[in-house]
């Protein structure tokens, strides 16, 4: 069999998808071995491990095709290993999202329906924009985190943190039975704990003062939390972010917004606002937690920028 790559590197996360990652990997491994396809593989062992694996590979050797068997968080970790100082260490490497997570929002960017094996043997590729978040560090250069889907500040960031914490007991059982139900439970918990805050956004130089907001999302992927979505958003490689924020509302009003997140109509509500832009500054009176691709990455203030068409992906 003539393969469409010179070498194949794979990372798999056993904790992905409520600890179903191993099952997905073993199924793929069986098929790879049956077809006699050579590969290099490494398992993640702890949070942040995928970043270190990718960085070591890309600094040591040429990687032609790189597949991530995991979810959005694992893919995010891996992508962060590929970028340094705003540049892709190996821009000609082709990436593959081999879905094994709970939400798999990145998979919905293109919705080709291709299996993991079809991607590994496929040649259809796209270049996509990557988001970068720079946060000030005392006495040093800003820390930069990269993301492929979206980043939230406010109630959704807190809900994502609670969703990720569902790793044991009955909460893990709920997550395995229904990602949407687990997301709703996490959202209700977050609504009960969220305190609205003022925020100043500087969007491509345009200053926007929001007296109080409940959530802000800066995104390249309209989908989040498994079954939730915005009905407007940027294209994967158009050089623009979608920027959506929800003004402060009572806990009851926020709870009533949950169904609109699943129908994709939340941006039609009077509390919601939408803009697009290339750079965004976010400033809040007190530090607020920033989430990116389901992972807590720091606190405000922060500067968001785009790396246009910075990653090649097989779809």
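The numbered conditions (1) modelled with pLDDT under 95; (2) within 21 Å of residue 152 (Cβ to Cβ) are all true for residue 111 except (2). The residue list 2, 45 contains one member that is surrounded by fewer than 21 Cβ atoms within 10 Å (Cβ to Cβ), free of Cβ contacts under 8 Å to residues at least 24 places away in the same chain, within 20 Å of residue 295 (Cβ to Cβ) and over 18 Å from the mean Cα position of the chain (by Cα), which is 45. Residue count for the range 277-315 satisfying the condition of being at pLDDT below 95 and outside the structural domain of residue 143 (by TED's automatic domain parsing): 0. Scan 274, 262 and give me the residue that is within 19 Å of residue 109 (Cα to Cα) and within 20 Å of the chain's Cα centre (by Cα). Going through 274, 262 in turn, just one is within 19 Å of residue 109 (Cα to Cα) and within 20 Å of the chain's Cα centre (by Cα): 262. Right, residue 274: more than 23 Å from residue 76 (Cβ to Cβ), in a strand (DSSP E or B) and at pLDDT 95 or above or not? So residue 274 fits the description; yes.
When you scan the range 89-104, do you find a residue that is under 30 Å from residue 166 (Cα atoms), in a strand (DSSP E or B) and out of contact with any strand residue (DSSP E or B) (no Cβ under 7 Å at 6 or more places or on another chain), even just one? Within the range 89-104 (the criterion being under 30 Å from residue 166 (Cα atoms), in a strand (DSSP E or B) and out of contact with any strand residue (DSSP E or B) (no Cβ under 7 Å at 6 or more places or on another chain)), the answer is yes, since at least one residue qualifies. Taking the listed residues 220, 253, the one that is touching a strand residue (DSSP E or B) at 6+ places or on another chain (Cβ under 8 Å), in contact (Cβ under 8 Å) with a residue 12 or more places away in the chain and assigned by TED's automatic domain parsing to the domain that holds residue 287 is 220, with no other qualifying.
Every listed requirement among (1) in contact with a strand residue (DSSP E or B) (Cβ under 6 Å, 6 or more places away or on another chain); (2) surrounded by fewer than 21 Cβ atoms within 10 Å (Cβ to Cβ); (3) in a strand (DSSP E or B) is met by residue 207 save one, (1).
Screening residue 53 on (1) assigned to a helix (DSSP H, G or I); (2) more than 24 Å from residue 292 (Cα to Cα) shows it passes everything except condition (2). Please go through the range 105-136 and pick out each residue that is in a loop (DSSP other than H, G, I, E, B), in contact (Cβ under 8 Å) with a residue 12 or more places away in the chain and out of contact with any helix residue (DSSP H, G or I) (no Cβ under 7 Å at 6 or more places or on another chain). Hits for the range 105-136 are 110, 112, 114, 121, 122, 123, 124.
The values are calculated or read from the model by the stated rules, or taken from the named source; none is laboratory data. Bear in mind the structure is a predicted one, so any value in this text is a computation, not a measurement. Reconstructed Cβ throughout: ideal geometry from the backbone, glycine too, with neighbour counts over all protein chains shown.
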